[in-house]
Amino acid sequence: MFSVIIAAHDQSDVIERCLRSILAGAEPDEMEVIVVAHACRDDTATRARAFGEPVRVLEVDSRSKAEALNRGDEDASCFPRMYIDPDIIVEIEALRRVAAILADGSAVLAAAPEAEFDYAGRSPVVQSFYKVWSSLPFFTENLIGAGFYAMSRQGRARFGKFPELIGEDAFVRLTVAPHERRSARGSSFRITPPRSLRGVVERMTKVRAGKAELHAKFPELLKNETTRPRRSLRIIAERPDLWVHAPVYLGVMGLAKLAAGLRRVSGAGR
């Protein structure tokens, strides 16, 4: 048996899709699913509660995702433990493969399926950005994060409560060494990119701001970082198939870097 924790803030438009994908084909008592609806002004909790067992719904007043994850942890009863964003689509077989990788006694402490992208309705420029981004080490070398990460009992013991961070998934990834994390090859979860290039810039700004915050608060975790800007540029330069898409990628990341810097200077909140 394993636990799935979903922190959801005003996600009534996607929570049912997420839960249907997880529950389809699941065996009785195979998992527990905990939806933490935090500071919701919509009917996220009602929609999730309608699924019944094995879904349990907790409602908390705080908008903090960290507090929602910690509340879900307090209610969860088993390991491995999977943390899934409500806009993610992932099927039960992928969860089973991840659970098998993280079985007690395994040297792997954190895992996730491979990521794939749903480009339906997305413009060519949005697709260009993600074609480059998904070709870089963050995705190709044992991706942990981007909406899905799972930890074994031993992995989750690496830290106490989730800290208040913009990017808690990056924090989780760096609490384990590169050889302690693994992608479940042959299984996947689906990411839906923003519809507009502006949305991509906003998402990458949050990623850049989260990385800067993480490095400032937890510099000791940098030893586990394998994704370096120069390395990414070298990969792009060595891949002719990426050259046509590279201007979009580099432009977005440049704008995101600038916006994240301005955000830090102004002290803008999450």
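One line per residue, one yes/no per condition, for (1) more than 24 Å from residue 9 (Cα to Cα); (2) surrounded by 20 or more Cβ atoms within 10 Å (Cβ to Cβ):
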residue	(1), (2)
94	yes, yes
100	yes, no
111	yes, yes
117	no, no
127	yes, no
133	yes, yes
136	yes, no
143	yes, yes
154	yes, no
Could you list all residues from the stretch 179-207 that are more than 21 Å from residue 65 (Cα to Cα) and surrounded by fewer than 16 Cβ atoms within 10 Å (Cβ to Cβ)?
179, 185, 186, 195, 196, 198
Restricting to the stretch 230-248, name every residue that is closer than 19 Å to residue 141 by Cα, surrounded by 10 or more Cβ atoms within 10 Å (Cβ to Cβ) and without any contact (Cβ under 8 Å) to a residue 40 or more places away in the chain.
233, 234, 237
On the given criteria, is residue 60 open to solvent by 20 Å² or more (accessible area, probe 1.4 Å), among the hydrophobic types (A, V, I, L, M, F, W, C), touching a residue at least 24 places away in the same chain (Cβ under 8 Å) and at negative phi?
yes
Let me confirm something: among 216, 256, which residue is surrounded by fewer than 16 Cβ atoms within 10 Å (Cβ to Cβ), within 30 Å of residue 182 (Cβ to Cβ) and of a type in the set (Gly, Ala, Ser)?
216
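Yes/no matrix, rows are residues, columns are (1) open to solvent by less than 10 Å² (accessible area, probe 1.4 Å); (2) at pLDDT below 95; (3) under 14 Å from residue 72 (Cα atoms):
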site	(1), (2), (3)
9	no, no, yes
23	no, no, no
30	no, no, no
33	yes, no, yes
36	yes, no, yes
40	no, no, no
48	yes, no, no
List the helices (runs of 4 or more DSSP H) inside the stretch 154-270, counting only whole elements, that have at least 1 residues being among the hydrophobic types (A, V, I, L, M, F, W, C) and within 17 Å of the chain's Cα centre (by Cα).
168-174, 197-217
If the Cβ limit is 6 Å and pairs must be 6+ apart or interchain, which residue in the stretch 106-135 that is under 18 Å from residue 169 (Cα atoms) and outside any loop (DSSP other than H, G, I, E, B) pairs with which residue that is open to solvent by 40 Å² or more (accessible area, probe 1.4 Å) and at pLDDT below 95?
111/182; 113/188; 114/188; 116/188; 116/190
Top-ranked residue of the stretch 136-146 - restricted to ones that are assigned to a loop (DSSP other than H, G, I, E, B) and not charged (D, E, K, R), ranked as modelled with the highest pLDDT:
136
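The values are calculated or read from the model by the stated rules, or taken from the named source; none is laboratory data. Just so it is clear, the structure is predicted and the values come from calculations on it, not from any experiment. Heads up, the Cβs are rebuilt from the backbone with ideal geometry, glycines too, and the neighbour counts pull from every protein chain shown. These area figures cover heavy atoms from the full protein model, side chains too; ligands, DNA and RNA do not enter into them. Shrake-Rupley method; radii C 1.70, N 1.55, O 1.52, S 1.80 Å.
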